[in-house]
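The values are calculated or read from the model by the stated rules, or taken from the named source; none is laboratory data. Just so it is clear, the structure is predicted and the values come from calculations on it, not from any experiment. We place every Cβ from the backbone using ideal geometry, glycine too, and count neighbours over all the protein chains shown. Note: accessible area is taken over every heavy atom of the protein model, side chains too, but ligands, DNA and RNA are not part of it. Shrake-Rupley method; radii C 1.70, N 1.55, O 1.52, S 1.80 Å.
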Amino acid sequence: MGNYFKQLSIALFFSLAIAATMVLGQGTRVGFYSRTCSRVESIVQSAVRSSFNSNPTIAPGLLRMHFHDCFVQGCDGSILIDGSNTEKTAGPNLLLRGYEVIDNAKTQLENACPGVVSCADIIALAARDAVVLAGGPGWAVPTGRRDGRVSLASDTSNLPGFTDSVDVQKQKFADKGLNTQDLVTLVGGHTIGTSACQFFRYRLYNFTSTGGADPSINSSFLPQLQSLCPANGDASRRVGLDNGSENRFDSSFFANLRDGRGILESDQMLWTDASTKTFVQRFLGIRGLLGLTFSAEFGKSMVKMSNIEVKTGTNGEIRKVCSAIN
């Protein structure tokens, strides 16, 4: 009898553990396609690598696409849908890149495993593969997401913005189940790549009521930014978000914040606000604070983000073509 209760307790423990995992992951799991499409990861990886080899700037594009997809309607591939007034047409998404990579991977997967792999999962896998190719860490990507059927430009208003205060940023992340550490970590990773002058030029010339520059910009860095983005110059000209390390995944972004070299106002605020500065300092290994390893924490935060409001089971669909609802 004692052995029976012991076995029952063990079975109950594992049932609870599985249930907890399903709640945390909302039904996604690593290896979801192991029996139905075992080549899914290698096919996506190949598509990303092929594009990256000809254009390395595709890496930040794919990472940002995943971020923008997850913050609107959850991680459901709704960012990919074509049409008037879809998410793709909204202001924050107009400069996103990498759609052709997702389409390429989807075409190959439909040939190998028709109707099995969701576009939402392709985005999640492609984002990870892009980070690895850019010199960043890899992580196990839980899969099993299904594609959403709704894509509205009006829903993009909750995307984090380049002028958002830290409190607003924290609230937008908290609304998606992400904490302050996740915020600092994910922003740090999403600064590979570039930004158009139009998103930060106001900081260089007319930030204050007197028409001066943002005082949080390092005075020796300001002339460099002004030469890249003249007051009446091309607003679409692109500048690296992580000065000295654009298109390369590393932790130098945090040193740039410390040194007043953040490009976007919302990024530099992470150093000037006490609640986020602590995490920046921990990534920098400031003495007296418990250190954090950026590459390890980034993978953890990406997994959390990739499970925002996912659709699984019978919710959503598996699109045949990523840009159109079935």
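What the table shows:
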{"read-out": "Neighbour net charge for SER151 - beta-carbon separation under 12 angstrom, K R +1, D E -1", "value": "-3"}
{"read-out": "Distant alpha-carbon pairs in the stretch 62-188 (separation over 24 angstrom), percent", "value": "29 percent"}
{"read-out": "Convex hull volume per residue in cubic angstrom - Cα atoms of the stretch 173-269", "value": "109 Å³"}
{"read-out": "GNM result for the chain, Cα springs below 10 Å: residue of THR163, THR191, THR57 fluctuating most strongly", "value": "THR163"}
{"read-out": "In nm, spacing of pseudo-spin labels at LEU289 and GLN224 (7 Å Cα→C-beta vector)", "value": "2.2 nm"}
{"read-out": "Tilt relative to the chain, helix 2-25 - C-alpha long axis, 0 to 90 degrees, to 10", "value": "40 degrees"}
{"read-out": "Tail weight of P(r) past 24 Å, computed on alpha-carbon pairs of the stretch 196-326, percent", "value": "46 percent"}
{"read-out": "Solvent exposure of the stretch 231-281 as accessible area per residue, Å², 1.4 Å probe", "value": "42 Å²"}
{"read-out": "Sequence-distant lysines (8 or more away, or on other chains) whose Cα lies within less than 25 Å of LYS176", "value": "LYS88, LYS277, LYS300, LYS304, LYS311"}
{"read-out": "Local net charge near PRO142, Cβ-Cβ under 10 Å (Lys/Arg +1, Asp/Glu -1)", "value": "+1"}
{"read-out": "Whole-angstrom gap from the stretch 156-229 to the stretch 40-113, using each part's C-alpha centre", "value": "24 Å"}
{"read-out": "Partner aspartates and glutamates for LYS320 [C-alpha distance under 12 Å; skip if fewer than 8 residues away on the same chain]", "value": "ASP103, GLU110, ASP147"}
{"read-out": "Calculated Cα extents along the principal axes in Å (choose from (i) 79, 50, 35; (ii) 73, 44, 36; (iii) 78, 48, 41), label", "value": "(i)"}
{"read-out": "Trypsin sites (Lys or Arg not before Pro) within the stretch 149-193: DSSP coil, no more than 13 neighbouring Cβ in 10 Å", "value": "none"}
{"read-out": "Within the chain, helix-based [θ] at 222 nm, where runs of 4 or more DSSP H residues each add -39,500 (n - 2.57), nearest 500", "value": "-14000 deg cm²/dmol"}
{"read-out": "Around SER50: net Lys/Arg minus Asp/Glu count, Cβ-Cβ under 12 Å", "value": "-1"}
